[in-house]
Amino acid sequence: MPTPPPSYSQVEQAAHAASLIVMGATHPRQSGAKELEAGTLILLGAGPLFWSTLKSSPEWLDTHPVDRWSSRVIGQMAQDMGARAYYPFGGPPYTPFIDWALKSGRTFSSPVGALVHDTVGMMISFRGALHFAEEFAFPDVPDRSPCVECPAPCAAACPVEALNTHSFYDLAACHNYLDTEDGQTCLTGGCLARLSCPLSAGAARDPEQSAHHMKAFHPS
């Protein structure tokens, strides 16, 4: 007999046990999520214990430890629960995680263009997704951007307006600033605009994790 699909709570518990969090879910048949036609898609992200778990893992001393850890852990979850695993890395072509996140009703576009999530703000770190062939229920979501009633501190937080409300992202301005002495604050502690989001505190992000991602974004 075929193995019945897990419940949403079982996926959530498995994610928590792996130092991950469920960051959204969608039924592609209803939402029109790109590259999928049916079933249930569960998006997984880094939880508060992710960084300490990664540092104690065998992947920590490897090249690209975050991606290698994600592949192993989420790949095992997929195997255990009868799902297919997808990752936001390994392209091109890349899996359409931005579309999937927006279709989940828990991630939105912020005033400065970057994505914002209903519980972790702008400190988003998708590590993978599980796609189940069957549809199963998941909790209702507000499907309303948290930015609607926010004074948008992100719009004024970047010292060089690299993240802004008009052109959204001036990549050159960002990299140039990170090469300056003042830019070391962002490089070692994380993007000031992303940190300014009131919901970003919900990520409980270890500053070392932010520094790791910033170094990957802007190698010295």
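FYI, it's all coordinate maths here, none of it is from the lab. Predicted model only: the values in this text are computed from it and were never measured. We place every Cβ from the backbone using ideal geometry, glycine too, and count neighbours over all the protein chains shown.
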Pair Ala152, Ala211: separation of 7 Å Cα→Cβ label points (nm):
3.3 nm
Normalised by the residues of the range 131-220, what does the relative contact order come to in percent, with Cα pairs under 8 Å and at least six apart?
24 percent
What is the fewest-to-most order of His64, His117 by other Cβ atoms lying within 10 Å of their Cβ?
His64, His117
Calculate the FRET efficiency for His175 and Ile98 from the Cβ-Cβ distance with a Förster distance of 22 Å, rounded to the nearest 0.05.
0.55
Angle between the Cα long axis of helix 207-217 and the longest principal axis of the chain, 0 to 90 degrees, nearest 10?
80 degrees
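Can you order the peptides 148-155, 33-40, 19-26 by their average number of other Cβ atoms within 10 Å per residue, highest first?
Working: 148-155: 14.5, 33-40: 16.8, 19-26: 23.8.
Sorting 148-155, 33-40, 19-26 by mean packing, highest first, produces 19-26, 33-40, 148-155.
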All lysines inside 29 Å of Lys34 as judged from Cα atoms, apart from same-chain residues fewer than 8 positions distant
Lys103
So for the range 154-216, using the alpha carbon gyration tensor with a ≥ b ≥ c as root eigenvalues (a/c under 1.5 gives rounded; past that, a/b versus b/c decides prolate or oblate), I'd call it oblate
Short to long, in 5 Å steps from zero, the percent of alpha-carbon pairs of the chain per bin is 1, 7, 14, 17, 20, 17, 13, 7, 3, 1, 0, 0, 0
Rounded to the nearest 20 Debye, what is the dipole magnitude of the chain about its Cα centre when Lys and Arg each give +1 and Asp and Glu each give -1 at the C-beta?
260 debye
Computed FRET efficiency, Cβ-Cβ of Ser9 and Thr185, R0 30 Å: what is it to the nearest 0.05?
0.15
How much length is gained if the chain between Leu61 and Met81 is pulled fully straight, taking 0.36 nm per residue apart and subtracting their Cα-Cα distance, in nm to one decimal?
4.3 nm
For the chain, longest principal axis from Cα atoms; helix 65-81 axis from its Cα atoms; angle between them, nearest 10 degrees, is 20 degrees
